[in-house]
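Heads up, the thing below is written out as structure tokens.
The values are calculated or read from the model by the stated rules, or taken from the named source; none is laboratory data. None of these values were measured; they are calculated from a predicted model. Reconstructed Cβ throughout: ideal geometry from the backbone, glycine too, with neighbour counts over all protein chains shown.
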There are 4 protein chains.
Amino acid sequence: MIVEMKTGASQTQVDAVVNRAKGLDLEVQLNIGTDKVVVAIVGGHTGGVSTDVFAVLPGVETVTRIMKPYKLASREFKQEKTQFNVGDVVIGGARLVIIAGPCAVESEEQLAEAARVARQGGASLLRGGIFKPRTSPFSFHGLEEEGYSLLDKVRKQEGLPVVTEVTDPHQVEEMAKYADVLQVGARNMQNYALLRELSKAPCPVLLKRGLCATVTEWLMAADYLLAEGNERVILCERGIRTFETSTRFTLDLGAIPVIRKVSHLPIVVDPSHAAGHFDLVPSLAKAAVAAGADGLLIEMHPDPQNALCDGLQSLTPNDFLRLMDELKPVAEAVGRTI
Amino acid sequence: MIVEMKTGASQTQVDAVVNRAKGLDLEVQLNIGTDKVVVAIVGGHTGGVSTDVFAVLPGVETVTRIMKPYKLASREFKQEKTQFNVGDVVIGGARLVIIAGPCAVESEEQLAEAARVARQGGASLLRGGIFKPRTSPFSFHGLEEEGYSLLDKVRKQEGLPVVTEVTDPHQVEEMAKYADVLQVGARNMQNYALLRELSKAPCPVLLKRGLCATVTEWLMAADYLLAEGNERVILCERGIRTFETSTRFTLDLGAIPVIRKVSHLPIVVDPSHAAGHFDLVPSLAKAAVAAGADGLLIEMHPDPQNALCDGLQSLTPNDFLRLMDELKPVAEAVGRTI
Amino acid sequence: MIVEMKTGASQTQVDAVVNRAKGLDLEVQLNIGTDKVVVAIVGGHTGGVSTDVFAVLPGVETVTRIMKPYKLASREFKQEKTQFNVGDVVIGGARLVIIAGPCAVESEEQLAEAARVARQGGASLLRGGIFKPRTSPFSFHGLEEEGYSLLDKVRKQEGLPVVTEVTDPHQVEEMAKYADVLQVGARNMQNYALLRELSKAPCPVLLKRGLCATVTEWLMAADYLLAEGNERVILCERGIRTFETSTRFTLDLGAIPVIRKVSHLPIVVDPSHAAGHFDLVPSLAKAAVAAGADGLLIEMHPDPQNALCDGLQSLTPNDFLRLMDELKPVAEAVGRTI
Amino acid sequence: MIVEMKTGASQTQVDAVVNRAKGLDLEVQLNIGTDKVVVAIVGGHTGGVSTDVFAVLPGVETVTRIMKPYKLASREFKQEKTQFNVGDVVIGGARLVIIAGPCAVESEEQLAEAARVARQGGASLLRGGIFKPRTSPFSFHGLEEEGYSLLDKVRKQEGLPVVTEVTDPHQVEEMAKYADVLQVGARNMQNYALLRELSKAPCPVLLKRGLCATVTEWLMAADYLLAEGNERVILCERGIRTFETSTRFTLDLGAIPVIRKVSHLPIVVDPSHAAGHFDLVPSLAKAAVAAGADGLLIEMHPDPQNALCDGLQSLTPNDFLRLMDELKPVAEAVGRTI
């Protein structure tokens, strides 16, 4: 951390900064320039100290963080890329992980049909929400508790592990019995009560990036998941909110090489929510793979025109199968398989 | 809702749109131009129908919503401005409601001292968090359950109703015993499990605007609170995330006249979180009052330099008292009192 | 255009809307619902009429545009994709157009060396700025007029057409003698004095997207270029400004399929400015090709460590040649060549 | 500037940073921590050095700027607040400067009527554009050169100095004869060819903030104006682009106290462009005054319903006069007059 004193700051003010740093067991080095004093605080655990601790002192102009504020999710903490299994599926390996299925589970028939198409196309996980956070209280919110046994039945029948969203910390334990990966939605990325519970969950967690979360905040949210021992975390880029409205969100593919550089966690991409329209999904899916994503989360519905939720961004089975064919050479072009 | 068909859309495609609308019990009027057909769907409950229902049909170019997608929070639903009491304090009346206090409750002494200063300055509610959502899992998270009795004791001793943040749906019932207003933080604005529980709470709710929530989404979140009968909702503008970093967030004071126009709910402003630095708070506080806010939420701490949380944006008691003096003529200039 | 009247708008107010539309030679269709009147204005040239013309009338609640506000750049105006030549190079064809070179021209030696590496890697155009808009007045601003002959010399010597930025409307005529494509920088996308002059230029124009321009505004800027007859326009996506700071800008690859859908113009992508760091360029370059871009604009410098401008985002010759090798299979995977 | 080396950076890499700094005549201080080396570069002119100069060197992790990158516009360069006259009007004094008038000049009658109303309400400058940058090439672009003599006539007749927008560097000299203040529009804030010309202009310049310009970039643009001797610069906040669409732009009033802190230049606010609708203008105008603005730029039109440009955000004469009455007590409440 670098504390820049104001021009003309007094010796007493500089001392106060130095003493506070020492009180926190941090190393201090003074840089006395012609114009102003700059205090470098270079100890190993400065990442965990708030900049406010110094910024609030009299005579301080600015405080700049050098160490990243996240820790467990960082490359510095763990150098090798994280890999783990969901059933037989390897997450973070050379083979891309395709997670496909409907936004919301509507019926056993719908989910089973989606599972068959997903498997046929080469997907290795099935997605399907039973608790659906919706912007309006008057919309369809999913089958809720009724959906538990249905998820369980279809995953066994079709032999595909299931990813589903959890929205309440008190559901975690129960849902972990019926699903293989629990998903944290974008709107809950900073729902810390939920994250803390998931850190103790017996299954992997897919953490969607918040609509307006920076990469740094996203990795700090991952730190919550990692903090109590759950090491099986998958990051999912799904578009951020910007001024542009021709797509539902702006897919930030730059986050892929950034995450690779600073974190050991695997990252998948959801082109469907970013696009908001089925027409735009294939381009973004190919781009995500070319950018180096470890997998894709794709909305596909047996009958999008009659979907209860997000039909507009869902691929039909035919469109999905065509896209899977088109993705294969792209994956190979960047040294991956599907 | 206005459905614009593609140039050259077939009669069958137009019919499919019309039939779907009729199936949803909506009125349809056809506008047949030289270039394209436009279907106007003008029934009273179109606000509750997703645009996707039509956008997903073949031959449809765009679907544009005319009715607002929120309902219970709208001026159309309730014309007169909402007013209610918290103890003796009127929310939404001519007298501005000042809610002051520390970000986090640290001790009985700290909270009691804050309460005394708040009251001295003319505040009518005391704020203080015992559950603090923090971006890092390694930061101070508040006194948590231990804080309940402390809140209760100080509010009785000092005679100020208390506003505190709730983060878990399963805490709502218990917290409502010790606090007078429950606050939903910006990061939880779309935590629907929490909102649904609060809709049944026996106390008013202060709903902070999400970091990247539009006014429309904010009012849809308010609809969740209103949906099961809780009519005592206070909106709180606290800055949105933009590209600008010289303030912590960008305070959107335009939201005040917009909310007045479209909603009946009272709106207060939190200049402290938007500013991120105590230096900038007074300007924004005065601006909020001049823009027509119903009140302010101001962070004030007996000793900001040693605050465990957000000290940098907290006013000292002296700065707070000076600001309260300066706010009075501004309030009067726009026909309000403090 | 759809004009929604306020609930309870008078007949006189509705008539005023209708009369104004008729006065502009537009067709009007009335939709009288139970709650409110909606006026559909469906004539062919409504795209050119401002919504304000109606929004400003008493009794009007909202006005929603149906027709796109851009015209000449739209697919409706011209259905087939635009293709044209720059020398022997086809823009908008199956072969991707790679435009490579330094941000700023520093010397003949530097530019010639860049040209040789560019050609060796398979690039078909050379980039190099002689007028460099810089955020600080104290930075290097390019060789300015002195650079003209240098550009001309190197393009002839190395046999590569040259792309260079123009910043002043009064330079257009002169610069067109020494360069093959004139570039409008992001900060000048809405410099209409410049666009109007370029609309009369005898050479193609590469139009960078403004830092905070929507796709719609970008195509309206293209309309300026097309308005007086210059049909050779290349769009260039180069990242938009968002709250995220881990990359210099957020590359919006969703713009590629959107542009394909609504416009006939070719679109290339500049991953260098979006990334801001050479490390991140290859991922984004591959993603852009996979998403369907017609080409790339890549910063490459013989010696980035000593570049006078934007060295951090420039590839070294070696990194550039490696990237070109890696791009080939990606291009083939989506049916293109390099 | 603070250069953070990568963990494990070699001595040679550290030396390269140190030598480059010394080569630029900067002071260097090494901070050798347990984990990494941090190089502090503390010389007085580091604000003018690009961070890329160091970031591009091998072994460097991050480079953080401490000195502000703007200079002439900073408080450090000039401590006392800038004040100057436009005719008899003091800019930056205790009396607020109200600049009112139509967006575009349409006729002598319209402008003269606007001037009379402006003066009656207490405005001290008249605004009116004759070159109007418009997003569509098919919109009304102003009277252009024909407007020169009209501006001149009305300002003499009505005795109000005139503010008008300049869009082409080659118009500056001519326009300065007919107008008292030249305005740089938001879309031209980084049109450096224009700024450089205006730096030599014989009259004050009003510099609107770019739609997506940070405060820092805005002050760097001001540096362009100040660089060649024009010291009479007025900053104008007019709203920034964000995801929110209920107002045309998001007015960033936090910029007022920020500018006060870091710059000596006067700042006025344009609530009309930010609001986009006349209904929302009064709230924002009052808020701007309460926040400490030095003045307002208000669009007012004798007949907004028939305005050729931006009628929707223009006040009628009556609404303008009422607002001016309402602003007076707000100004007094913050120690200013109108």
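At a glance:
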| read-out | value |
| --- | --- |
| Flag if D:K81 is surrounded by fewer than 20 Cβ atoms within 10 Å (Cβ to Cβ) and not in a loop (DSSP other than H, G, I, E, B) | no |
| Residue among C:P69, C:P133, C:P137 that alone is in a loop (DSSP other than H, G, I, E, B), buried (at least 21 other Cβ atoms within 10 Å of the Cβ) and either more than 14 Å from every other protein chain (Cβ to nearest Cβ) or under 19 Å from the mean Cα position of the chain (by Cα) (or both) | C:P69 |
| Failed item in (1) farther than 28 Å from A:A112 by Cα; (2) more than 11 Å from chain C (Cβ to nearest Cβ); (3) in a helix (DSSP H, G or I), with A:H273 passing the rest | (1) |
| All positions within segment C:147-173 that are within 14 Å of another protein chain (Cβ to nearest Cβ) and assigned to a helix (DSSP H, G or I) | C:P169, C:H170, C:Q171, C:V172, C:E173 |
| Residue match in segment B:246-266 (condition: out of contact with any Lys or Arg (no Cβ under 7 Å at 6 or more places or on another chain), within 30 Å of A:L24 (Cα to Cα) and among the acidic types (D, E)) | no |
| Which listed residue, of A:R241, A:R232, is over 20 Å from A:D180 (Cβ atoms) and not aromatic (F, W, Y) | A:R241 |
| Boolean, B:E106 is in a loop (DSSP other than H, G, I, E, B), within 30 Å of B:V330 (Cβ to Cβ) and of a type in the set (D, E) | no |
| Positions within segment D:23-66 being part of a loop (DSSP other than H, G, I, E, B) and more than 8 Å from chain A (Cβ to nearest Cβ), in sequence order | D:L24, D:D25, D:L26, D:H45, D:V49, D:S50, D:T51, D:V56, D:L57, D:P58, D:G59, D:R65 |
| Checking B:G142 against (1) in a loop (DSSP other than H, G, I, E, B); (2) at negative phi; (3) not aromatic (F, W, Y), the condition it does not meet | (2) |
| Subset of segment A:207-230 that is over 12 Å from the mean Cα position of the chain (by Cα) and aliphatic (A, V, I, L, M) - its residue that is farthest from A:F278 (Cα to Cα) | A:A227 |
| Some residue of segment D:117-126 being out of contact with any helix residue (DSSP H, G or I) (no Cβ under 6 Å at 6 or more places or on another chain), assigned to a strand (DSSP E or B) and buried (at least 18 other Cβ atoms within 10 Å of the Cβ) | yes |
| Enumeration of residues in segment C:286-338 that are in a strand (DSSP E or B) and surrounded by fewer than 24 Cβ atoms within 10 Å (Cβ to Cβ) | C:T337 |
| Unmet requirement for B:D252, which otherwise passes all of (1) in contact with a helix residue (DSSP H, G or I) (Cβ under 6 Å, 6 or more places away or on another chain); (2) more than 23 Å from A:P58 (Cα to Cα); (3) facing chain D (nearest Cβ under 9 Å) | (1) |
| Long-range neighbours under 6 Å by Cβ, at least six apart or interchain, first residue closer than 11 Å to B:T135 by Cα within segment A:188-201, second assigned to a helix (DSSP H, G or I) and of a type in the set (G, A, S) | A:M189/A:A221 |
| Members of segment A:196-220 that are assigned to a helix (DSSP H, G or I) and closer than 29 Å to A:F243 by Cβ | A:V215, A:T216, A:E217, A:W218, A:L219, A:M220 |
| Positions within segment C:231-249 being more than 12 Å from chain D (Cβ to nearest Cβ) and more than 11 Å from the chain's Cα centre (by Cα), in sequence order | C:E231, C:R232, C:E244, C:T247 |
| Test: residue in segment D:161-179 that is more than 24 Å from C:D168 (Cα to Cα) and in contact with a helix residue (DSSP H, G or I) (Cβ under 9 Å, 6 or more places away or on another chain) | yes |
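Let's see how each residue does on (1) modelled with pLDDT of 95 or more; (2) surrounded by fewer than 22 Cβ atoms within 10 Å (Cβ to Cβ):
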site: C:E145; (1), (2): no, yes
site: C:Q157; (1), (2): yes, yes
site: C:E165; (1), (2): yes, no
site: C:Q183; (1), (2): yes, no
site: C:A186; (1), (2): yes, no
site: C:Y192; (1), (2): no, no
site: C:K208; (1), (2): yes, no
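Conditions tested, residue by residue: (1) buried (at least 19 other Cβ atoms within 10 Å of the Cβ); (2) within 36 Å of the chain's Cα centre (by Cα).
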residue	(1), (2)
D:V14	yes, no
D:I41	yes, yes
D:S50	yes, yes
D:T62	no, yes
D:G93	no, yes
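Results for (1) modelled with pLDDT under 95; (2) under 18 Å from the mean Cα position of the chain (by Cα); (3) not aromatic (F, W, Y), shown as yes or no for each residue.
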position: A:F77; (1), (2), (3): yes, no, no
position: A:C103; (1), (2), (3): yes, yes, yes
position: A:A112; (1), (2), (3): no, no, yes
position: A:G129; (1), (2), (3): yes, yes, yes
